[in-house]
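Data block below; observations after.
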Amino acid sequence: MTFSLFIEQIINGLIIGSMYALVGSGIALIYGTMRVLNLAHGEFYMLGGYLVFFLVVTCGVPAYLAIPIALLAAFLLGALIQRLTIHYLLQREGWAFSTIAVTLGLSIFLQNSALLLFGENVQSVPYYVTGIVEFAGVRIPMQRLLILGVAILTIAVMTYVLKATRLGWAIRATSQDRDAAAVVGIPASRIYLITFGIAAALGAIAAAMMAPIYAITPWSGLPILFKGFVVVILGGLGSFPGAIVGGLLLGVVEAVGVQLTSTEWRDVIAFALMIAVIWVRPWGLFGSKS
Amino acid sequence: MFEPLRPWQWLLVAITLAALAALPLLSSNSYVLHVLILSMIFGIFASAWNLVTGFAGLKTFGHHAFFGIGAYSSALVALHSGLSPWLTIWIAALIATVAGLFIGLPILRIRSMPHVAIVTLGFAEIVRITISNLQSITRGELGLWGIPPFESFTLPVLGEMKFTPADKAGYYYLILVLLVFSTGLITLLMRSKSGLALVAMRDAEDAAESLGVNLTRHKLLVFGVSAFLVGLAGAFFGHYIGILTPSAAVGPDLMILVIAMALVGGLGTLSGPLVGALVLTCVVELLRDLNDLRLLIYGAIIITVVMFLPKGLATLGPLVRRRITYLRAPTTSPAKHL
């Protein structure tokens with residue numbers, strides 16, 4: 001294998017990793033604010049993919065319009081699901097387990113609804129941009145560069161929202177101390193609703209960008225959910241910046257690991273990395289023990 | 001759970017067992033037996049999962065790994081060494097126990113429920129992918145077939161016990177014995193001092209530790225026993241079905257099924273998982289024509305039970321009784337005061 005091919009694989013790993021980061025940061029946001037582990041998060045990714053497919057391929061809407069519509073739809077769906085299930089469970093005893101169980105049920109329910117609606121055929125969306133960029137012998141398709149660009153933009157916007165807007169302050173205040181936030185007038189249940197919607201939309205962005213490269217099937221949510229879990233464990237569960245770094249790291253580790261073994265073992269590498277991290281640093285690679 | 005069984009409860013257990021034992025004599029319909037055999041396999045699986053999750057409070061989502069490890073080890077050992085399945089199912093259960101202790105170790109270090117859930121899920125995925133990738137040994141998704149069935153033998157009163165696809169009575173009695181064994185083991189464990197310690201660990205880990213409960217030992221104990229039973233159920237499943245694929249024996253669908261059973265029956269009760277396994281296996285068979293809707297309905301059942309019946313069907317009885325007495329109360333109590 002030549003050196004430039006190796007660099008190409010690393011860059012591809014970073015690009016895929018940026019998508020893992022978006023999915024993982026959604027899981028981290030939900031866990032960070034309401035301490036809920038969302039097993040249905042992969043389905044937001046899967047439904048996001050189908051929404052884009054439906055709008056672009058079936059309805060012929062241009063991609064630059066279809067993606068924002070899909071994001072909005074995912075946001076509303078996420079918020080609706082939160083309001084109908086998690087909202088009630090959080091007020092009861094034993095919510096830590098009951099929320100995991102209900103999101104497991106939701107995951108199967110959404111998966112099989114998609115199977116009924118769209119069939120089991122593998123779907124895909126045409127490339128949003130074509131062409132290949134070549135630099136010093138390293139060849140990267142424009143589509144993949146676009147993915148990286150969108151990921152960087154999304155992360156920048158999210159960081160701005162969390163750090164510099166009133167909504168972001170409210171989200172961070174609620175995640176630090178729900179009761180103290182309530183004392184200063186932040187309605188926790190509305191923050192939870194919005195956070196769930198944002199997390200769902202983050203999953204849908206990843207799905208929209210991956211749709212031209214990876215097939216959309218009713219089952220495409222589960223593998224990405226597992227990747228998201230690995231990401232949040234690497235970065236420390238509940239940490240937004242941790243999830244970003246964890247995602248990129250996972251992408252690169254997978255790319256190198258696949259070079260050393262074969263693609264069949266990609267997921268085993270990811271999970272083994274995760275279990276090793278939990279063994280050594282249960283609070284994540286970048287978090288602090290507290 | 002710690003109260004001694006009342007006479008009517010003993011009677012109920014005895015009647016249920018007698019009815020189950022007598023059933024093959026009354027009906028030789030192999031379809032009915034098949035559904036009951038599956039219910040009992042899942043009954044063991046769900047009870048063992050409930051032991052870890054419901055009683056000890058370690059919320060794991062990766063028990064299908066032990067089912068698959070049990071099924072594949074027993075089948076492979078029987079295929080390659082020529083040992084009898086009567087022996088290999090126990091070897092397989094021990095292999096599953098070792099796997100259970102192995103995954104129990106990292107869990108000892110973590111107290112956060114989401115971390116436990118994620119680690120166990122990840123472990124089961126590693127097992128599934130490994131089994132499906134090692135095609136030279138397991139034949140991957142093509143399916144491992146030709147798994148030897150149990151050898152027949154003759155009992156003095158009941159006659160010959162045959163283990164063939166046509167005559168399922170042998171399998172039926174064997175899994176019934178295994179079910180009684182596993183339920184008995186779980187009951188004894190929960191009624192022992194360790195059982196008290198497990199429940200204490202679930203309800204207040206720090207308090208239990210401060211009172212001298214050895215968390216490490218109890219977590220490993222419960223993981224080992226549970227993996228042993230699930231491995232045993234898996235081993236039986238392999239010899240009974242005769243063909244194994246990674247998606248059928250280690251797929252996440254399997255775990256979802258078992259979680260649904262335990263939740264429907266009632267988590268943290270002894271009879272709940274058994275009732276749940278029977279009810280949901282029968283529901284699946286009734287829905288056989290609606291194959292596409294099967295998992296959709298499963299998802300809906302899990303959501304409904306968690307939202308509206310958080311303690312499962314096992315607690316429906318007391319709930320209804322209370323409702324009835326509540327409805328009666330206004331008519332009877334004023335009369336008393338007058």
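The values are calculated or read from the model by the stated rules, or taken from the named source; none is laboratory data. None of these values were measured; they are calculated from a predicted model. Note that each Cβ is placed from the backbone with ideal geometry, even for glycine, and that neighbours are counted across all protein chains shown. Quick note on the areas: whole protein, heavy atoms, side chains included, nothing else; ligands and nucleic acids left out. Shrake-Rupley method; radii C 1.70, N 1.55, O 1.52, S 1.80 Å.
Can you give the FRET efficiency to the nearest 0.05 for B:V13 and A:A164, using r as the Cβ-Cβ distance and R₀ = 51 Å?
0.20
What fraction of the DSSP beta bridges in the protein assembly as shown is antiparallel, stated in percent and rounded to the nearest 5?
So the antiparallel bridges in the protein assembly as shown amount to around 100 percent.
Express in % the proportion of alpha carbon pairs of chain B at distances exceeding 33 Å.
Distances greater than 33 Å cover 30 percent of the Cα pairs.
For the pair B:I137 and A:E93, what calculated FRET efficiency results from E = 1/(1 + (r/R0)^6), where r is the Cβ-Cβ distance and R0 = 41 Å, to the nearest 0.05?
It comes to 0.30.
So for each of B:204-212, B:140-148, A:217-225 I average, over its residues, the number of other beta carbons within 10 Å; can you give me the resulting order with the highest mean first?
Highest mean packing first, the order is A:217-225, B:140-148, B:204-212.
Taking Cα atoms, how many degrees apart are the long axis of helix A:266-280 and the longest axis of chain A, rounded to 10 and kept between 0 and 90?
So the inclination is approximately 50 degrees.
7 Å from Cα along Cα→Cβ at both B:S84 and B:T130: what's the point-to-point distance in nm?
Label-label distance for B:S84 and B:T130, simple model: 3.1 nm.
Rg over Rh of the protein assembly as shown, using C-alpha atoms and the Kirkwood radius, what does it come to?
With Rg and the Kirkwood Rh in hand, the quotient comes to 1.00.
When Lys and Arg each count +1 and Asp and Glu each count -1, what net charge do the other residues less than 12 Å away from A:T174, Cβ to Cβ, add up to?
+2
Report ³J(HN,Hα) in whole Hz for each residue of segment B:220-230, in order, from the Karplus equation J = 6.51 cos²θ - 1.76 cosθ + 1.60 where θ = phi - 60°; Gly and Pro get x.
Coupling constants for segment B:220-230: 5, 4, 5, 5, x, 4, 5, 5, 4, 5, 5 Hz.
Just to confirm the filter: which GluC sites (Glu not before Pro) across segment A:51-158 are DSSP coil and have at most 12 other Cβ within 10 angstrom of their Cβ?
Within segment A:51-158, the qualifying GluC sites (Glu not before Pro) (loop, at most 12 other Cβ atoms within 10 Å) are A:E93, A:E120.
If each of B:R191 and B:E205 carries a label point 7 Å out from its Cα toward its Cβ, how far apart are those two points in nm?
3.0 nm
Using only C-alpha atoms and all pairs of different ones, pull out the Kirkwood radius for segment A:3-280 in Å with one decimal.
The Cα-based Kirkwood calculation yields 19.1 Å.
Report the local net charge at A:A96: Lys and Arg +1, Asp and Glu -1, summed over other residues whose C-beta lies under 15 Å from its C-beta.
+3
Which residues does a label at A:V157 reach in segment A:193-209, if reach means a backbone N under 15 Å from a point 7 Å past the Cα toward the Cβ?
A:197-209
Could you tell me how many degrees, from 0 to 90 and to the nearest 10, lie between the Cα long axis of helix B:316-337 and the main elongation axis, the longest principal axis, of the Cα atoms of chain B?
10 degrees
If DNA, RNA and ligands are ignored and the probe is 1.4 Å, what is the ranking of A:T165, B:T53 by accessible area, most exposed first?
Highest to lowest solvent-accessible surface, that is A:T165, B:T53.
At a Förster distance of 22 Å, what's the computed FRET efficiency of A:I213 paired with A:R139, Cβ-Cβ distance as r, to 0.05?
Once the sixth-power term is evaluated, E becomes 0.90.
Roughly what angle does helix A:240-260 make with the longest principal axis of chain A, taking Cα atoms, 0 to 90 degrees, to the nearest 10?
Taking Cα atoms only, the helix is inclined about 30 degrees.
Please compute, over every Cα-Cα pair in segment A:2-136, the percentage with a separation greater than 19 angstrom.
So the pairs more than 19 Å apart make up 62 percent of the total in segment A:2-136.
Extension gain A:L84-A:L65, at 0.36 nm per residue separation less the Cα-Cα distance, in nm?
Here the answer is 3.9 nm.
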